[in-house]
Amino acid sequence: MKLYGKNPVLERLSVNPRSIKVIYLNEKNDTAAVGEIARRYGTRCISLGEKEFFARSEGCNTQGVIADIAEFSYAELEDFLELSDAQKPVFIALSNITDPQNLGSILRSAACFGDFALILPKHRSASINETVLRVACGGENYVPVVQETNLVAALQRLKKAGCWIAGSVVEQGEDVTGFSFPFPLCVVIGAEDKGIRQGLLAHLDFKVTLPMPGRALSLNAAVAAAVLCYEIIRQKNAKDKVAK
């Protein structure tokens, strides 16, 4: 698996340097600082001529930096279910999200707002690949990602562990700006075109809708997820302060 670009590689070096096997640097780019930081971590660096480097880039925007990294390591849902309610992250379960760029953007937003974990279906869903990592810009280092064969069963286990299950829908849900989210929480987000899979809807405790007073256009899943992440964490932090 490859990681492209200065910032994603530097982020990975600072968080999980052991996952990097080797870093390739384009001699024609200003990459000396990356090489210097990598050597501090004992990470192997190889400088390549432009032609040889380009052959490894597969046409991606690399900023002169490519890292060969270990395959992505998924987390186990059970590890989170055993935590106390206060320690549980906010779970984001994705339904019908097949576009890796959307998944990468959601991962990045979850990392920026903090205290989230993603749950992905094993089938009919995007998984963590090089495109996702490139779009996530290092977000994968801060957000645990769980992959589940049966998303319905995963929601049932979350409920048993005390989590409320919310679903993001285009219409006929509670206005998210006036709704008080209960915690611990899992929010299910579906694709822009297909929404949440029908079999999951019966397991929702409530539905929420993002108000759109402007034109009647839909938001794609990544944009909707970013708005929801902001509002959910805003409320969670406010409630945590009151609890203290």
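The values are calculated or read from the model by the stated rules, or taken from the named source; none is laboratory data. Worth saying up front: this structure is predicted, and the values here are computed from it rather than measured. Note that we place each Cβ from the backbone using ideal geometry, even for glycine, and neighbour counts take in every protein chain shown.
Would you be able to say whether some residue in region 147-157 is touching a residue at least 40 places away in the same chain (Cβ under 8 Å), closer than 30 Å to LYS6 by Cβ and surrounded by 16 or more Cβ atoms within 10 Å (Cβ to Cβ)?
yes
Only one of (1) assigned to a strand (DSSP E or B); (2) touching a residue at least 24 places away in the same chain (Cβ under 8 Å) is not met by SER47, so which one is it?
Evaluating SER47 over (1) assigned to a strand (DSSP E or B); (2) touching a residue at least 24 places away in the same chain (Cβ under 8 Å) leaves (2) as the failure.
From the list ALA224, ALA238, which residue is assigned to a helix (DSSP H, G or I), without any contact (Cβ under 8 Å) to a residue 24 or more places away in the chain, assigned by TED's automatic domain parsing to the domain that holds SER109 and small (Gly, Ala, Ser)?
When all the criteria are applied, what remains is ALA238.
Conditions (1) touching a strand residue (DSSP E or B) at 6+ places or on another chain (Cβ under 6 Å); (2) among the small types (Gly, Ala, Ser); (3) in a loop (DSSP other than H, G, I, E, B), marked per residue:
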| position | (1), (2), (3) |
| --- | --- |
| GLU140 | no, no, no |
| VAL143 | yes, no, yes |
| ALA153 | no, yes, no |
| GLN156 | no, no, no |
| GLY162 | no, yes, yes |
| ALA166 | yes, yes, no |
| VAL170 | no, no, yes |
| PRO182 | yes, no, yes |
| VAL188 | yes, no, no |
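Only residues that are at pLDDT below 95, of a type outside the set (Gly, Ala, Ser) and over 13 Å from PHE181 (Cα atoms): list them for region 199-244, please.
Correct list: LEU210, PRO211, MET212, PRO213, ARG215, LEU217, LEU219, ASN220, LYS241, VAL242, LYS244.
Looking at (1) closer than 18 Å to TYR142 by Cβ; (2) exposed (fewer than 15 other Cβ atoms within 10 Å of the Cβ); (3) not acidic (Asp, Glu), can you tell me which one ALA75 breaks?
Just one mismatch for ALA75, condition (2).
Evaluate region 104-117: report whether one residue or more is surrounded by fewer than 22 Cβ atoms within 10 Å (Cβ to Cβ) and within 18 Å of GLU148 (Cα to Cα).
yes
For region 65-83, check the following and say yes or no: at least one residue is in contact (Cβ under 8 Å) with a residue 12 or more places away in the chain and at positive phi.
no
Would you confirm whether any residue within region 83-94 is in contact with a Ser or Thr (Cβ under 8 Å, 6 or more places away or on another chain) and either closer than 30 Å to GLY167 by Cα or in the same structural domain as LYS122 (by TED's automatic domain parsing) (or both)?
yes
Within region 125-141, can you find the residues that are surrounded by fewer than 24 Cβ atoms within 10 Å (Cβ to Cβ) and either farther than 13 Å from GLU11 by Cα or without any contact (Cβ under 8 Å) to a residue 24 or more places away in the chain (or both)?
If the condition is that a residue be surrounded by fewer than 24 Cβ atoms within 10 Å (Cβ to Cβ) and either farther than 13 Å from GLU11 by Cα or without any contact (Cβ under 8 Å) to a residue 24 or more places away in the chain (or both), then SER125, ALA126, SER127, ILE128, ASN129, GLU130, THR131, VAL135 are the ones that fit.
Of all residues in region 78-100, which are surrounded by 15 or more Cβ atoms within 10 Å (Cβ to Cβ) and part of a helix (DSSP H, G or I)?
Correct list: PHE80, LEU81, PRO100.
When you scan region 28-44, how many residues do you find that are crowded, with 17+ Cβ neighbours inside 10 Å and part of a loop (DSSP other than H, G, I, E, B)?
Residues flagged as crowded, with 17+ Cβ neighbours inside 10 Å and part of a loop (DSSP other than H, G, I, E, B) within region 28-44 amount to 2.
Within region 116-137, how many residues are at pLDDT 95 or above, part of a loop (DSSP other than H, G, I, E, B) and either more than 21 Å from ILE196 (Cα to Cα) or not assigned by TED's automatic domain parsing to the domain that holds ASN96 (or both)?
Number of matching residues: 1.
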